[in-house]
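S.K.: This is the structure, below, for whatever I ask next.
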Amino acid sequence: MSITQRSDKKTVSGWALNKGRGLKIAVLIRNFVVTGGAERYAFQVARLLAETHEVHIFCQTFGRELATGFTIHRVPKPLPGPSFLNQLIFSHYCKRMVDPSFDIIQSHERVGRFDLQNIHCPCYRGFLTRAKGIKKALLWLGELTSPRGLAYLGLEKNQFNPRPGRRYIADSAMTQDDVIENYHLSPDLFTIAYPGVDFNAIDQAMDRVNRDQARAELGLKPEDLAIVFVGTEFKRKGLDGLLAALALVDDKRVKLVVVGGGGGDIETYRRMAGKLALTERVYFAGLLPDIYPCYIAADIFCLPTLADPCPIAPIEAMACGTATIMSRVPFCGTAEHVKDNEAVILDDPRDPEEIRAAISRLLDPDERGKIAEKGKKTARKITWQAAAAATEEAISLALADREKGR
């Protein structure tokens, strides 16, 4: 059976089966792992598509435990960095390696050749166009004289250059609107597919994880009230404000566990925690291959993100039964389908006092329990199956456009 269950539209499976086969799909993702939001999205949707179709993964690195069910194609990575140069190299090699036998090229990266583009981040150009006055002029001057800026602006301009058969999947309405604002594409070219929750993995984690042991491994004592933050780009994800808010919380039992690599900035944030007299209250766990024990160990999950199209971590935390704090739209696209009281929604995630008030609200065990229960019910409705079904629908539309020559 196809992932797509709607009978009012022709499904991709139906299109393929009429030709006696499933589709041959190329999925382009530089790192086929599950330690980042876009990467986890790519894996989960590809895994479900592979139940019906022949899925090939083109990547520079991959987790060997994820390879089952796919054909993996290693894309050369001749240089360790910088990131923008690797992005150009990846685009170049994918153009050469993905042959015409593929029915659909689905990319999660900025590349020169694709049929279907998943968008997981705000437009690079948007940070320049939203600036005002002299700051705007200086930013543009800096980017247009920078190899990095020119590379990203060039890749993005090509990415959003409409061509016959090209379509886009945005992981939130916020993401879609950002692209339309910056590149004036037709909304008809977009499908929205929110990130989902892997219920099987979470349920298995709930069965196997000993909460007390998980807390101990994160440096937590039985009496501690644990806040967990998950994110790789600490500044964009709002860790500065969260640390400032924690310093305003008088209850010394409240501890913060920071999960993520920090883009090389962990030491900077350790020093920040030290200046705020939080050294004994903040534990930097780094990148973890299994995030679910952290959600289970937590009393509160907090992500006061400043610019995030649709982070997966808040929904996963809610699905684990953890009371969650997150930013509102337009800071966080996840809030598009989460109501206040299903999580605590921050009006201004830049305000440490508001974050402190949200934390204090959830220190009440009754309030924390109510939020956690409502949030869990909501999160359990947000599935990867729905994201995969939306992807199949977008593929079907791209194929129909191709057949019509538009």
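S.K.: May I ask you to verify whether Leu150 is out of contact with any helix residue (DSSP H, G or I) (no Cβ under 8 Å at 6 or more places or on another chain), at pLDDT below 95 and surrounded by fewer than 19 Cβ atoms within 10 Å (Cβ to Cβ)?
M.R.: Here the answer is no, as Leu150 does not meet what is asked.
S.K.: Okay, next question. Filtering the stretch 177-200 down to residues that are surrounded by 17 or more Cβ atoms within 10 Å (Cβ to Cβ) and within 12 Å of Ala319 (Cα to Cα), which residue is farthest from the chain's Cα centre (by Cα)?
M.R.: So the residue we want is Asp198.
S.K.: Looking at the stretch 371-402 only, could you name the residues that are out of contact with any Ser or Thr (no Cβ under 7 Å at 6 or more places or on another chain), under 14 Å from Leu48 (Cα atoms) and either free of Cβ contacts under 8 Å to residues at least 12 places away in the same chain or among the small types (Gly, Ala, Ser) (or both)?
M.R.: Ala386, Ala387, Ala388
S.K.: Moving on. So if I check each of Tyr41, Tyr93, which one is over 21 Å from Tyr194 (Cα atoms) and either crowded, with 20+ Cβ neighbours inside 10 Å or at pLDDT 95 or above (or both)?
M.R.: So the residue among Tyr41, Tyr93 that is over 21 Å from Tyr194 (Cα atoms) and either crowded, with 20+ Cβ neighbours inside 10 Å or at pLDDT 95 or above (or both) is Tyr93.
S.K.: Which of the residues spanning the stretch 322-367 are within 23 Å of Ala247 (Cα to Cα) and among the polar types (S, T, N, Q)?
M.R.: Thr322, Thr324, Ser327, Ser360
S.K.: Name the one entry in Val34, Val55, Val27 that is touching a residue at least 24 places away in the same chain (Cβ under 8 Å), closer than 25 Å to Val230 by Cα and surrounded by 13 or more Cβ atoms within 10 Å (Cβ to Cβ).
M.R.: Selected residue: Val34, the only one of Val34, Val55, Val27 that is touching a residue at least 24 places away in the same chain (Cβ under 8 Å), closer than 25 Å to Val230 by Cα and surrounded by 13 or more Cβ atoms within 10 Å (Cβ to Cβ).
S.K.: Still on this model: Tell me yes or no: at least one residue of the stretch 97-104 is part of a strand (DSSP E or B), at pLDDT 90 or above and not acidic (Asp, Glu).
M.R.: yes
S.K.: Oh, and also: Could you list all residues from the stretch 160-176 that are more than 20 Å from Asp308 (Cα to Cα) and either within 21 Å of the chain's Cα centre (by Cα) or modelled with pLDDT of 95 or more (or both)?
M.R.: If the condition is that a residue be more than 20 Å from Asp308 (Cα to Cα) and either within 21 Å of the chain's Cα centre (by Cα) or modelled with pLDDT of 95 or more (or both), then Arg167 is the only one that fits.
S.K.: Specify the residue that is surrounded by the most Cβ atoms within 10 Å (Cβ to Cβ); the eligible residues are those in the stretch 287-305 that are at pLDDT 95 or above and hydrophobic (A, V, I, L, M, F, W, C).
M.R.: This residue is Cys302.
S.K.: Inside the stretch 209-220, can you point out the residues that are out of contact with any strand residue (DSSP E or B) (no Cβ under 7 Å at 6 or more places or on another chain) and either under 25 Å from Ala357 (Cβ atoms) or in contact (Cβ under 8 Å) with a residue 60 or more places away in the chain (or both)?
M.R.: If the condition is that a residue be out of contact with any strand residue (DSSP E or B) (no Cβ under 7 Å at 6 or more places or on another chain) and either under 25 Å from Ala357 (Cβ atoms) or in contact (Cβ under 8 Å) with a residue 60 or more places away in the chain (or both), then Val209, Arg211, Ala214, Glu217 are the ones that fit.
S.K.: Restricting to helices (runs of 4 or more DSSP H) lying wholly in the stretch 123-177: which have 2 or more residues that are in contact with a Ser or Thr (Cβ under 9 Å, 6 or more places away or on another chain) and not charged (D, E, K, R)?
M.R.: 147-159
S.K.: Can you find even one residue in the stretch 75-87 that is over 20 Å from Leu150 (Cα atoms), surrounded by 17 or more Cβ atoms within 10 Å (Cβ to Cβ) and in the same structural domain as Val33 (by TED's automatic domain parsing)?
M.R.: yes
S.K.: Here's something else I'd like to know. Take the residues in the stretch 268-284 that are under 28 Å from Arg328 (Cβ atoms) and in contact with a helix residue (DSSP H, G or I) (Cβ under 7 Å, 6 or more places away or on another chain); name whichever of them is surrounded by the fewest Cβ atoms within 10 Å (Cβ to Cβ).
M.R.: Selected residue: Leu276.
S.K.: Okay, next question. Out of all the residues in the stretch 231-245, which are outside any loop (DSSP other than H, G, I, E, B) and buried (at least 23 other Cβ atoms within 10 Å of the Cβ)?
M.R.: Once the filter is applied, which keeps residues that are outside any loop (DSSP other than H, G, I, E, B) and buried (at least 23 other Cβ atoms within 10 Å of the Cβ), the stretch 231-245 yields Leu239, Gly241, Leu242, Leu243, Ala245.
S.K.: Also, quick follow-up: Does Ala388 meet the test of being under 16 Å from the mean Cα position of the chain (by Cα) and in the same structural domain as Thr175 (by TED's automatic domain parsing)?
M.R.: Considered against the rule, which asks whether it is under 16 Å from the mean Cα position of the chain (by Cα) and in the same structural domain as Thr175 (by TED's automatic domain parsing), Ala388 comes out as yes.
The values are calculated or read from the model by the stated rules, or taken from the named source; none is laboratory data. All values derive from a computational prediction rather than experimental measurement. A quick note on method: Cβ atoms are made from the backbone with ideal geometry, for glycine too, and the neighbour counts reach across all protein chains shown.
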